[in-house]
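Chemist: This is the structure, below, for whatever I ask next.
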Amino acid sequence: MSNPFFKNNGPFELNQILNELNFEIKENSNNLIINDIKDLQNSNMNEITFFHSKKYRLAANATKASFCITTENLKNELPKSCKPIIVDNVLVSTSAITAKFYPDSINDDFDNTIEEIYNTKFNDKVKFGKNVLIGHNVSIGANCLIGHNTIIEKNVVIGDNCSIGSNNIIRNSLIKNDVKILDNCIIGKHGFGFYPNTNKNLRYPHMGIVIIEDDCEIGCSSTIDRGSMSNTVIGKNTYLDNQIHIAHNVKIGENSIIAGQVGIAGSSIIGNNVKIGGQAGISGHLKIGNNVEIAGGSGVIKDIPDNTKVMGYPAKNIRDFLRENR
């Protein structure tokens, strides 16, 4: 994962990490240095990853991480080069280690670095409305518009020829060229990631960002959460209607069209040229293929292969649905 915004506080000694978090590892780990924590696909030597579901066994088989937080039942899926760290709850343990490496990624308090755009370098470079605020580490390209009462918080890159509407809040985002973001959107904030606990729910760190590729349009009152362990991505020339929620780690391909009030749960992957009708819901950790059409009001709870049309709840092939509901 490429992350230009959150600082990695590592490296740390493996023993230090394990002792502080009450982990155990059988192999001798004296003086081993761990540089980072990443997901299975993006991790490298001298890094920690995590593996909590058989659904990701192929990625686990191929991981390049030196250590993996996992369970007794899953450890044999790892390559010999990756040593298992056996825990009771993989996601809770992963959250604790991630917070150690990236403590700034846990909360989203208001950005106290912001100032009036009049007092920034963008005063003469951007056409803007009233009450526009800009945070630190912000870059805005040529020929951009920013509407009234919009806050571009810290850690945002906006490309050329972009139109940012009124009453928006944007943080931790990379917005490329020719993008339109309409009014009342929240982009790049912390996702709905936590683990229920009897005494206090545990917030999961979100160290990813939002990437919106060229020529996209984001409709009014839409929310796009930043990624947790990977980035949330909206592909080139994809259009989102109003009141859409895109959860953390979701990846939407190119040339897709998503109608109003659609919700896509975390870590689902949507292919290219996908059309999703209004008020459809897509569960998390699913893969929706290329050229898929999902009818409005459908509930998708399993993967959908390429070139398929589905509708209903649970969503099924449209011919089967129509046959069963004549």
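The values are calculated or read from the model by the stated rules, or taken from the named source; none is laboratory data. Because the structure is predicted, anything quoted here is derived from the model rather than measured. Please note: Cβ atoms are built from the backbone with ideal geometry, for glycine as well, and neighbour counts cover all protein chains shown. In case anyone asks, the SASA skips ligands and DNA or RNA and just uses the protein heavy atoms, side chains included. Shrake-Rupley method; radii C 1.70, N 1.55, O 1.52, S 1.80 Å.
Chemist: Any chance the range 203-221 includes a residue that's under 30 Å from Asn9 (Cα atoms) and surrounded by fewer than 18 Cβ atoms within 10 Å (Cβ to Cβ)?
Modeler: Taking the range 203-221 first, the residues under 30 Å from Asn9 (Cα atoms) are 203-213.
From what's left, surrounded by fewer than 18 Cβ atoms within 10 Å (Cβ to Cβ): 203.
Yes, that holds for at least one residue.
Chemist: Sticking with this structure for a sec: Among the strands (runs of 3 or more DSSP E) confined wholly to the range 94-181, which include 2 or more residues that are small (Gly, Ala, Ser) and under 24 Å from the mean Cα position of the chain (by Cα)?
Modeler: Because the criterion is at least 2 residues that are small (Gly, Ala, Ser) and under 24 Å from the mean Cα position of the chain (by Cα), no strands (runs of 3 or more DSSP E) in the range 94-181 meet it.
Chemist: Considering each residue of the range 1-52, count those that are assigned to a loop (DSSP other than H, G, I, E, B), modelled with pLDDT of 90 or more and under 15 Å from Thr70 (Cβ atoms), and give that number.
Modeler: 6
Chemist: Name every residue in the range 242-259 that is of a type in the set (Val, Ile, Thr) and open to solvent by 60 Å² or more (accessible area, probe 1.4 Å), in order of residue number. Spell out how you get there, then give the answer.
Modeler: Residues of the range 242-259 of a type in the set (Val, Ile, Thr): 244, 246, 250, 252, 257-258.
Ile257, the sole residue that qualifies.
Chemist: Here's something else I'd like to know. Open to solvent by 50 Å² or more (accessible area, probe 1.4 Å), charged (D, E, K, R), under 22 Å from Asn231 (Cβ atoms) and in contact with a Ser or Thr (Cβ under 7 Å, 6 or more places away or on another chain) - does that describe any residue in the range 144-162?
Modeler: Scanning the range 144-162, I find at least one residue that is open to solvent by 50 Å² or more (accessible area, probe 1.4 Å), charged (D, E, K, R), under 22 Å from Asn231 (Cβ atoms) and in contact with a Ser or Thr (Cβ under 7 Å, 6 or more places away or on another chain), so the answer is yes.
Chemist: Would you check which residues across the range 69-82 are touching a Phe, Trp or Tyr at 6+ places or on another chain (Cβ under 6 Å) and either surrounded by fewer than 20 Cβ atoms within 10 Å (Cβ to Cβ) or of a type in the set (S, T, N, Q) (or both) and list them? Even if it seems obvious, please write down each step before you answer.
Modeler: Within the range 69-82, the subset touching a Phe, Trp or Tyr at 6+ places or on another chain (Cβ under 6 Å) is 69-70, 74.
Residues satisfying the conditions are Thr70, Leu74.
Chemist: Here is a further query. Please indicate, with yes or no, whether at least one residue in the range 79-91 is assigned to a helix (DSSP H, G or I) and at pLDDT below 95.
Modeler: Looking for residues that are assigned to a helix (DSSP H, G or I) and at pLDDT below 95, one finds at least one in the range 79-91, hence yes.
Chemist: Let me ask another. Is it fair to say Ser173 is touching a residue at least 24 places away in the same chain (Cβ under 8 Å), closer than 16 Å to Lys236 by Cα and hydroxyl-bearing (Ser, Thr, Tyr)? Explain how you work it out, then say what you get.
Modeler: Details: touching a residue at least 24 places away in the same chain (Cβ under 8 Å): yes; closer than 16 Å to Lys236 by Cα: yes; hydroxyl-bearing (Ser, Thr, Tyr): yes.
Considered against the rule, which asks whether it is touching a residue at least 24 places away in the same chain (Cβ under 8 Å), closer than 16 Å to Lys236 by Cα and hydroxyl-bearing (Ser, Thr, Tyr), Ser173 comes out as yes.
Chemist: Return the only residue of Ala59, Ala65 being surrounded by 19 or more Cβ atoms within 10 Å (Cβ to Cβ), at pLDDT 90 or above and out of contact with any helix residue (DSSP H, G or I) (no Cβ under 6 Å at 6 or more places or on another chain). Walk me through how you get there before you give the answer.
Modeler: Values: Ala59 fails: surrounded by 19 or more Cβ atoms within 10 Å (Cβ to Cβ).
The match here is Ala65.
Chemist: Tell me whether the range 121-134 contains one or more residues that are more than 19 Å from Arg226 (Cβ to Cβ), open to solvent by 20 Å² or more (accessible area, probe 1.4 Å), modelled with pLDDT of 95 or more and touching a Cys at 6+ places or on another chain (Cβ under 8 Å).
Modeler: Among the residues of the range 121-134, at least one is more than 19 Å from Arg226 (Cβ to Cβ), open to solvent by 20 Å² or more (accessible area, probe 1.4 Å), modelled with pLDDT of 95 or more and touching a Cys at 6+ places or on another chain (Cβ under 8 Å), which makes the answer yes.
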